[in-house]
Amino acid sequence: TNKAQNRASLKQMLVLSLLVAISVILERFLGYNDKVLSVSLSFVPIALAGMLLGRLWPVALPKAVQVAGLGVTAAGIGLMMWAAATMTRARTSFMPGLVPKALVTDGPFRFSRNPIYLGDLLVMGGFLLALQLPVGLVLLPVFAQVLTRFFILPEERVIEAGFGQGFRDYKARVRRWL
């Protein structure tokens, strides 16, 4: 019914708004730099557009797919935490925009040069599935391009300037995403 759809839509907007609010508050409370805030703010319009697409072209998903979406979200968060812990053990920053003190190539960095950004994609995709908005998944490549162009490529230039051939060798061995 229309009333049920409106409640579901409101619930979806509240979930996303809560996630964004928590993210922004934590970033500011923990003193993260503006680059981190920019990543969060680039997530929001793309996620909202994905939600809108999902509402315009609704697709009913089986409960198992919704639960799998929660699993994908949890995997994305876990990947980000694993990457942050790996960088912390190496005594370097995992905050975007800061110059790293070490070239980290172990842990999740063995499989992806950007496991935290990959985690961001998994979180977005998982939430869209969990909220029954699979049509919004078509925007994941857009989010990947935003992350690549405005965050990853500038960070790679800084890392290459700091670590030279070591980083170039790492780039040759490990893909940007997977």
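The values are calculated or read from the model by the stated rules, or taken from the named source; none is laboratory data. No experiment lies behind these values; they were computed from the predicted model shown. Ideal geometry is used to build each Cβ from the backbone, glycine not excepted, and the neighbour counts take in all protein chains shown. Areas reflect the complete protein model, heavy atoms only, side chains present, ligands, DNA and RNA absent. Shrake-Rupley method; radii C 1.70, N 1.55, O 1.52, S 1.80 Å.
Annotations
- Of the residues making up the stretch 116-125, not a single one is among the charged types (D, E, K, R), open to solvent by 30 Å² or more (accessible area, probe 1.4 Å) and touching a residue at least 60 places away in the same chain (Cβ under 8 Å).
- Counting only helices (runs of 4 or more DSSP H) that sit wholly inside the stretch 55-164, those with at least 1 residues that are in contact with a Pro (Cβ under 7 Å, 6 or more places away or on another chain) and modelled with pLDDT under 95 are 63-89, 115-130.
- Among the candidates 36, 20, the residue that is open to solvent by less than 50 Å² (accessible area, probe 1.4 Å), at pLDDT below 90, of a type in the set (A, V, I, L, M) and under 30 Å from residue 166 (Cβ atoms) is uniquely 36.
- Residues that are free of Cβ contacts under 8 Å to residues at least 24 places away in the same chain and open to solvent by 40 Å² or more (accessible area, probe 1.4 Å) were ranked within the stretch 100-115; the one that is farthest from the chain's Cα centre (by Cα) is 101.
- Filter result for residue 50 (touching a Gly at 6+ places or on another chain (Cβ under 7 Å), of a type in the set (Gly, Ala, Ser) and modelled with pLDDT under 90): yes
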